[in-house]
Amino acid sequence: MAFLVWIETKEYNINAEVAPLASNPHTLTHEIAQRGGLTFFAHPIEYGSPLSDDFAAIPWVDWDVQDNTGIEIWNYMAEFKARLWSWPAALFGAFFPSLVIRGPFKATLRKWDELLRNGRRVVAIGNADAHGAPFQIGPIRKIIFPYDYLFRCINTHLLIERPLTQDVAQDKRMIYDALRAGRCFVAYDLAGCARGFTFTARSSAAQATMGETLHRHGATRFEVRCPGIGFVTLKHNGRTVARKLGKSLEYTSVAPGAYRVEVRRFFRGWWRGWIYSNPIYVR
């Protein structure tokens, strides 16, 4: 019996045609990495909808690949597709998407934590996956979803060295350097602008932020600051070590490992995913 598996990556900063290598993801990601490019597994965990073959699941399947930069932990359209379990649900979601979208799939976050526990550096990004596709049930027709709407939803916020200069080469370098290092976080900005979120760690004179490694000298002090009130959770190797409702969280630990932050926010009647940081790696 033969199976045809559709897998998808997103490649950045690569100026060569690599499509002929797509049949072997190991070779593909290795070649892109050798050329200085970045690869992210798109919607790595995905659930299909029974409504149409167009809504079939296309998850990532080969987790032995080592040369990828990271994964999408939250893909707006992948989550929306997973909510289409019936035509009434699809119609409701098309007109009231903010009542449907809740956060990254738990299975995706568990897989990410598993990779981090195994010593991998895996950068997390978010993606609107905008297509502006027409959606129709009988006489009812709607664009799912307009670009100006989706681009206000799930975004990847970058921490770059300095403001953009409009020098394309220099700005591109800063953006790709931040993505490669994981100096970024994922946010659902429709629930509240996440600009100003910070996650830092200090140990003696050493300090680090998202995507960086902290070589500790004794205990490590973690500080989280949010631009609004949310339910803040600090994770260590996938396990919750601190929680607090508010705009900030502080925690001290002597354990090495990967620390990351999740923030949920009460928005339109539900505690929805808001901010997901990349890890700080404590060694």
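The values are calculated or read from the model by the stated rules, or taken from the named source; none is laboratory data. Since this is a predicted model, take the numbers as computed values, not measurements. Note that each Cβ is placed from the backbone with ideal geometry, even for glycine, and that neighbours are counted across all protein chains shown. The accessibility values were calculated without ligands, DNA or RNA, using every heavy atom of the protein model including side chains. Shrake-Rupley method; radii C 1.70, N 1.55, O 1.52, S 1.80 Å.
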Completion exercise
Selection over segment 194-226 where residues are under 25 Å from Asn155 (Cβ atoms) and either assigned to a strand (DSSP E or B) or not aliphatic (A, V, I, L, M) (or both) yields a count of 16
Handout entry: Failed condition for Gln66, given (1) open to solvent by less than 60 Å² (accessible area, probe 1.4 Å); (2) in a loop (DSSP other than H, G, I, E, B); (3) not hydroxyl-bearing (Ser, Thr, Tyr)
Key = (1)
Completion exercise
Scanning segment 101-112 residue by residue, those open to solvent by 10 Å² or more (accessible area, probe 1.4 Å) and either of a type in the set (D, E, K, R) or under 22 Å from Arg152 (Cβ atoms) (or both) turn out to be Arg102, Pro104, Phe105, Lys106, Arg110, Lys111
Fill in the blank from the handout: Of the conditions (1) basic (Lys, Arg); (2) within 18 Å of the chain's Cα centre (by Cα); (3) farther than 25 Å from Arg152 by Cβ, the single one that Lys244 does not satisfy is (2)
Exercise for the section: Sort through Leu99, Leu116 and tell me the only one that's over 26 Å from Thr198 (Cβ atoms) and touching a residue at least 60 places away in the same chain (Cβ under 8 Å). Expected result: Leu99
Exercise for the section: Collect the residues in segment 132-162 that are part of a loop (DSSP other than H, G, I, E, B), open to solvent by 40 Å² or more (accessible area, probe 1.4 Å) and at pLDDT 90 or above, keeping them in residue-number order. Expected result: Phe151, Arg152, Leu159, Ile160
Practice task
Report the residue count in segment 266-280 for those that are part of a strand (DSSP E or B) and buried (at least 22 other Cβ atoms within 10 Å of the Cβ).
Solution key: 6
Completion exercise
Screening Leu234, Leu179 for residues that are touching a residue at least 12 places away in the same chain (Cβ under 8 Å) and in a strand (DSSP E or B) leaves only Leu234
Fill in the blank from the handout: Out of (1) in contact with a Gly (Cβ under 9 Å, 6 or more places away or on another chain); (2) free of Cβ contacts under 8 Å to residues at least 40 places away in the same chain; (3) open to solvent by less than 10 Å² (accessible area, probe 1.4 Å), the one Gly93 does not meet is (1)
Problem - From the options Pro59, Pro44, residue that is at pLDDT 90 or above, under 28 Å from Glu262 (Cβ atoms), not in a helix (DSSP H, G or I) and not hydroxyl-bearing (Ser, Thr, Tyr) - result: Pro44
Completion exercise
Residues in segment 121-161 that are of a type in the set (D, E, K, R) and touching an Asp or Glu at 6+ places or on another chain (Cβ under 9 Å) total 3
Exercise for the section: Report the residue count in segment 163-176 for those that are open to solvent by 60 Å² or more (accessible area, probe 1.4 Å) and either touching a residue at least 24 places away in the same chain (Cβ under 8 Å) or among the hydrophobic types (A, V, I, L, M, F, W, C) (or both). Expected result: 4
Handout entry: Where a residue in segment 258-282 is over 17 Å from Leu158 (Cα atoms) and its partner, wherever it lies, is open to solvent by less than 10 Å² (accessible area, probe 1.4 Å) and among the charged types (D, E, K, R), with Cβ under 7 Å and at least six apart
Key = Arg264/Arg272; Arg265/Arg272
Practice task
Name the residue, out of Asp189, Asp129, that is closer than 15 Å to Glu262 by Cα, of a type in the set (Asp, Glu), in contact (Cβ under 8 Å) with a residue 24 or more places away in the chain and open to solvent by less than 60 Å² (accessible area, probe 1.4 Å).
Solution key: Asp189
Problem - Residue in segment 81-90 that is farthest from Leu179 (Cα to Cα), counting only those that are open to solvent by 10 Å² or more (accessible area, probe 1.4 Å) and in contact with a helix residue (DSSP H, G or I) (Cβ under 8 Å, 6 or more places away or on another chain) - result: Arg83
